[in-house]
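Please treat every number below as a calculation from the coordinates, not as lab data. Just so you know, these numbers come straight off a predicted model, no measurement behind them. In this analysis, Cβ positions are derived from the backbone assuming ideal geometry, glycine residues included, and neighbour counts consider all displayed protein chains.
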Amino acid sequence: MDANEIDIQLDSSEPIYVQIVNAIRRKINEKEWQAGDRLPSEEALVRDLDVSRGTVRKAVTELVNEGVLERIQGKGTFVTKDKISYPFAQELTSYAEAMKEKDLSFTTEVLVSERQLPTPELQQRLNIGPRSPVLYMVRMRSVEGTPAILLYNWVSLERVPGADQSDYSKKSVFEVIEQELGHKIKYGVRDFSAKNLDKDQAKILQQKKGDAILVLKQVTFNHDDAPIECSNVLLRTDQYQVTSVLYR
């Protein structure tokens, strides 16, 4: 990416900063500059375009405010990557299924996988007794090489026996429950909220402690209307947006 590619007409009636804004936007729209590309430094733009620092800063700031560009502390200014948009508010689809549908490359790292007895909160969410074992997992999913999702799952081993025997770095929870173990999922209930990352979560997702995160809590039910799995999913807000199509 070269600042000399930006054409500025000093004798034009159009303000110089507007010319810079339009030139950058045009190169992005025409795919000459791709999502994730780093812009030349402010110093390079000032030197190569022979304009003032204030003019460059005003143009870049306008594009940042529009979401066309993004500033990353200590790294520079980049063409904004498109957020991953999924219809999680209207379809019971897993994250793995949604990413495969969009032909996105992703990997899953299992950070924790163990049998445990349920807490009082889990007993209520899964409608199970205090001695009913669950599979507890923490997984981190990277999309196109970037950590994007932190998943906490609890699967009732009383209702889904054998769920603790699968490799969840290669298979999704829904895939194991339905295809491998033969339990049909009937429906799920999802709640959306927001929170701030704690220190450990921020480290896993390569974010800062206190950064905002989208939280999705879900309970999945079988055909007997019994809850078989629940999850808390943390989605990076710079990577995800939730879409919903509504009819009346």
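Summing +1 for each Lys or Arg and -1 for each Asp or Glu, what net charge is found among the other residues whose Cβ lies under 13 Å from the Cβ of MET137?
Details: positive: ARG115, ARG139, ARG141, LYS171; negative: GLU109, GLU114, ASP164, ASP167, GLU229.
Here the count lands on -1.
Packing around the peptides 67-79, 120-132, taken as the average count of other Cβ atoms within 10 Å per residue, puts them in this order, highest first: 120-132, 67-79. Taking every alpha-carbon pair under 8 Å whose residues sit at least 6 apart, segment 3-79 reaches a relative contact order of 34 percent.
When only the Cβ of Lys, Arg, Asp and Glu is charged (+1, +1, -1, -1), the dipole of segment 191-239 relative to its Cα centre reaches about 460 debye. Rg and Dmax over the alpha-carbon atoms of segment 118-200 stand at 14.4, 40 Å. With the cut-off at 28 Å, tell me which of the pairs LYS27/LYS203; LYS31/LYS208; LYS31/LYS217; LYS81/LYS170; LYS27/LYS199; LYS27/LYS58 have Cα atoms farther apart than that. Violating the 28 Å limit, Cα to Cα: LYS27/LYS203; LYS31/LYS208; LYS31/LYS217; LYS27/LYS199.
Amide hydrogen proximity for ASP238: with H placed 1.01 Å from N in the peptide plane, no residue at 5 or more positions away or on another chain lies under 5 Å.
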